[in-house]
């Protein structure tokens, strides 16, 4: 007796440009607010002292830094993609590298351990969000 097995290939769905950008920003925001809440529950204060001034970076800083850079970067990539589709892959790599590289600023900022871990994880959360959004746009372009 022989049995045939079916294999399925999963691919990212095609996304139109506004949905990709706004959906990615909303997803990153929700995910990072969840990470912030977990960090706060773990005892993170999300405060640092710089030049003798205490700064609290959450939740306002989390909201701002989760949305603005992502919105600017994705919007720029998507606008350029009207003329050059290759920018989408370049933007995914550059955005991912910048997101991971900027963890260094978090590590040196002087946050407590729980805050440092949560804030660093927020940078990592942006990577799959960017890649999925930009690949979704790329699929839309290639299917046209």
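Rounded to two decimals, what is the ratio between the C-alpha radius of gyration of the range 17-143 and 2.2 N^0.38 Å?
On the way: Rg = 15.8 Å, N = 127, 2.2 N^0.38 = 13.9 Å.
Compared with the compact-globule rule of thumb, the range 17-143 sits at 1.14.
Test of understanding: ordering 129, 124 by Cβ neighbours within 10 Å, fewest first, what list do you get?
Working: 129 23, 124 13.
Listing 129, 124 from fewest to most nearby Cβ atoms yields 124, 129.
In which sequence would 116, 108, 102 go, from the one with the fewest C-beta neighbours within 10 Å to the one with the most?
On the way: 116 20, 108 9, 102 15.
If I rank by nearby Cβ atoms, fewest first, I get 108, 102, 116.
Starting from the Cα of residue 67, move 7 Å in the Cα-to-Cβ direction to define the label point; list residues of the range 19-56 whose amide nitrogen is under 20 Å from there.
Residues passing the 20 Å test: 19-38, 56.
Over the residues of the range 62-109, compute the C-alpha Rg and express it relative to 2.2 N^0.38 Å.
1.30
Test of understanding: ordering 51, 56 by Cβ neighbours within 10 Å, fewest first, what list do you get? Please report the intermediate quantities before stating the final value.
Working: 51 5, 56 11.
Listing 51, 56 from fewest to most nearby Cβ atoms yields 51, 56.
At 7 Å along the Cα-to-beta-carbon direction for both residue 89 and residue 37, put a label point, then send me their distance in nm to one decimal.
Result for the modelled spin labels: 3.9 nm.
Beta carbons within 10 angstrom, averaged per residue: use that to sort the peptides 58-65, 20-27, highest first. All intermediate terms of the calculation are to be shown ahead of the outcome.
Working: 58-65: 15.6, 20-27: 19.2.
Ranked from most to least packed, the peptides come out as 20-27, 58-65.
Any read-out appearing in this document is the output of simple, stated calculations on the displayed coordinates, not a laboratory observation. Everything numeric here is computed off the predicted structure, so don't read it as measured data. Please note: Cβ atoms are built from the backbone with ideal geometry, for glycine as well, and neighbour counts cover all protein chains shown.
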